[in-house]
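Have a look at the structure below, then the notes.
The values are calculated or read from the model by the stated rules, or taken from the named source; none is laboratory data. As the structure is a prediction and not an experimental result, all values here were calculated from the model. Positions of Cβ are backbone-derived with ideal geometry, glycine not excepted, and every protein chain shown enters the neighbour counts.
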């Protein structure tokens, strides 16, 4: 297994501009070594032709696969990526993530160096929601509010916590590959327990005694940007609510008017 190297696995479905910015932003700011797997869940638009043209990624096409739900498609795609990973670290990344900071991978990997039992690092939801709103949501859940405060008062934004405010999501989550494979863990959702993709895996890691490292959403947003539900917003057939689609389109228009994103979209040299 390649020590210190990261495989970045990105499930994808029909989001041409999002996956373009995601991949180009990685290429633009991230120093090697790393490799990127894009697992396409049966796209039937121009995004698939684009992915075939990108020279520096490995594309896995899931042709003819019956996709049950968005969460199932995402989790099963990550399982496919994990099976083809031989690097020390496996990073699950959403296709609607834009990388901003050149040290983003370094900051995620560094805590693993001296902690053999550290299995996972990342954060929860990355919406740009005020702390006051989050606290108000927790007022009816005293223990939840305490977990929230513990996770957000750290001056560095990074904490080892036995009971973080939420599970580490696959938006941008780094795992030690050998642990996931040794424990035979899966990213598939568990419908009967209402677990989403990666959620059951996280709780299994904790249950088996492995350590996890929780970054506050604010700290992770310094390194990456996330357009929540980007795939569902651009693919209404996946079942998003009309309110989610409307608000999501407003976020997308705002982000794609940003000069940095416009610059990335115009730079096709990042595909080579």
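Worth pointing out:
- Within the range 52-63, residues that are modelled with pLDDT under 95 have Cβ atoms under 7 Å from residues that are crowded, with 18+ Cβ neighbours inside 10 Å and part of a loop (DSSP other than H, G, I, E, B) in these pairs: 62/41, counting only partners at least 6 apart in sequence or on another chain.
- Residue list for the range 18-49, filter: in contact with a helix residue (DSSP H, G or I) (Cβ under 7 Å, 6 or more places away or on another chain), in contact (Cβ under 8 Å) with a residue 60 or more places away in the chain and under 22 Å from residue 262 (Cα atoms): 18, 19, 20, 21, 24, 25, 27, 28, 30
- Answer from 210, 202 - the residue that is more than 28 Å from residue 29 (Cβ to Cβ), at pLDDT 85 or above and either crowded, with 17+ Cβ neighbours inside 10 Å or touching a helix residue (DSSP H, G or I) at 6+ places or on another chain (Cβ under 8 Å) (or both): 210
- Residue 26 satisfies every condition listed in (1) at pLDDT below 95; (2) touching a strand residue (DSSP E or B) at 6+ places or on another chain (Cβ under 9 Å) except (1).
- Residue that is over 19 Å from the mean Cα position of the chain (by Cα), touching a residue at least 40 places away in the same chain (Cβ under 8 Å) and over 16 Å from residue 104 (Cβ atoms), where the choices are 214, 210, 202: 210
- Any hit, the range 126-133, residues being touching a strand residue (DSSP E or B) at 6+ places or on another chain (Cβ under 9 Å), surrounded by 13 or more Cβ atoms within 10 Å (Cβ to Cβ), closer than 15 Å to residue 214 by Cβ and modelled with pLDDT under 95: yes
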